[in-house]
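These notes concern the structure reproduced below.
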Amino acid sequence: MNLWYREKHTENQILSVKVTDVIHKEKTPFQELAVYETPEYGTILVLDNYIQVSDQDEYIYAEMITHVPLFTHPNPKKALVIGGGDGSAIREIVKHPSIEEAHLCEIDERVVEVSKKYFPQMTVALEDPKVKILYKDGIKQVFQSKDEYDLIVVDSPDPVGPAVNLFSKGFYEGVYEALKEDGIMVAQTESPYFNQDVMKKAYDDISALFPITKVYMAAIPTYQSGFWTFTMGSKKYDPTNVENMRKQDFETSYYNQNLHYGAFLLPTFIQNILEGK
Ligand code: SAM
């Protein structure tokens, strides 16, 4: 079998990954969903022809989008993940003993069902009694919530299909209102090489609302260019200067508390993009 998964990164660049098995393929009411077995990345979950997670490197994204804001907040009790139907962000959130409730708001039930079947290590926490799954548009959920969450994680795909509005200023306004007075949001904000406009717009929109807005990075092999950014908006706590940071009493494979600070040290070209230079 000589099958290749191809993902278009730009007009001039395509990623090709050898596929050893087509495990699942369907068109859900929201998107094209596929699961492939690959020699390099293990099992990958693909939506609308973009890799969402691979079971080889999923821990990097899942740990960085959750533990950085959670260790910034002194006592996070209630968290919301928007998107994130693969379950990996929720799995990390419930590792924090202070968490009493974690909501997963995923628009597409099929992503959760298929992830449960083929990615058991990512979905282990979905049965946790602290976790509640809401199958609806994340935009609805934030506009129906006020002063409710300590943390909101925007674990969205690229800004295509049902995720386009998750990158809008109006949505971030809803997120701001849904957070408590000392709440924190974090969003995945794409590649600083290939999606500079998306990253810059998210930074501008979030910093227009939140007094503390910081971008941090992680290296994720399966995402375009490998370099990935996250943008945090915080009402009170500065992630680069955390007072009495709680001790990490569980294991991680990428995040650690030195890296927590190191991840905010940005290369000059990214600083320049964010400053509009
Ligand atoms: N880590 C991934 C990445 O950066 O590519 C994102 C993973 S997660 C699978 C993204 C999820 O967001 C998808 O399952 C998709 O169905 C969901 N989604 C897209 N738009 C949404 C919306 N408006 N509300 C809630 N969930 C949404």
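The values are calculated or read from the model by the stated rules, or taken from the named source; none is laboratory data. Remember, it's a predicted structure, so these values are computed and weren't measured experimentally. Every residue, glycine among them, receives a Cβ derived from its backbone with ideal geometry; neighbour counts consider all protein chains shown. Quick note on the areas: whole protein, heavy atoms, side chains included, nothing else; ligands and nucleic acids left out. Shrake-Rupley method; radii C 1.70, N 1.55, O 1.52, S 1.80 Å.
Could you please find all residues in the stretch 248-270 being in contact with a Phe, Trp or Tyr (Cβ under 6 Å, 6 or more places away or on another chain) and of a type in the set (S, T, N, Q)? Of everything in the stretch 248-270, just one residue is in contact with a Phe, Trp or Tyr (Cβ under 6 Å, 6 or more places away or on another chain) and of a type in the set (S, T, N, Q), namely Ser253.
Can you pull out every residue in the stretch 214-234 that is open to solvent by less than 40 Å² (accessible area, probe 1.4 Å) and under 11 Å from Ile184 (Cβ atoms)? Spell out the reasoning first.
Of the stretch 214-234, the ones open to solvent by less than 40 Å² (accessible area, probe 1.4 Å) are 215-218, 220, 222-224, 226, 228-234.
The answer is Met232, Gly233, Ser234.
Within the stretch 223-243, the set of residues being of a type outside the set (D, E, K, R), in contact with a strand residue (DSSP E or B) (Cβ under 7 Å, 6 or more places away or on another chain) and more than 16 Å from the ligand (Cβ to nearest atom) comprises Gly233, Ser234, Tyr237, Pro239, Thr240.
Annotation: Ile133 fulfils all but one of (1) near the ligand (Cβ under 9 Å from one of its atoms); (2) of a type outside the set (S, T, N, Q); (3) within 27 Å of Ser54 (Cα to Cα); (4) open to solvent by 30 Å² or more (accessible area, probe 1.4 Å); the unmet one is (1). Exactly one residue out of Ser98, Ser156, Ser145 is in contact with a Pro (Cβ under 8 Å, 6 or more places away or on another chain), hydroxyl-bearing (Ser, Thr, Tyr) and more than 18 Å from Gln56 (Cα to Cα): that is Ser98. Of everything listed in (1) more than 15 Å from the ligand (Cβ to nearest atom); (2) assigned by TED's automatic domain parsing to the domain that holds Ser234, the single unmet condition for Lys25 is (2). When Lys8, Lys18 are checked against the criterion of being free of Cβ contacts under 8 Å to residues at least 24 places away in the same chain and of a type in the set (Lys, Arg), a single residue qualifies: Lys18. Those strands (runs of 3 or more DSSP E) of the stretch 49-113 in which 1 or more residues are open to solvent by 10 Å² or more (accessible area, probe 1.4 Å) and at pLDDT below 95 occupy 50-54.
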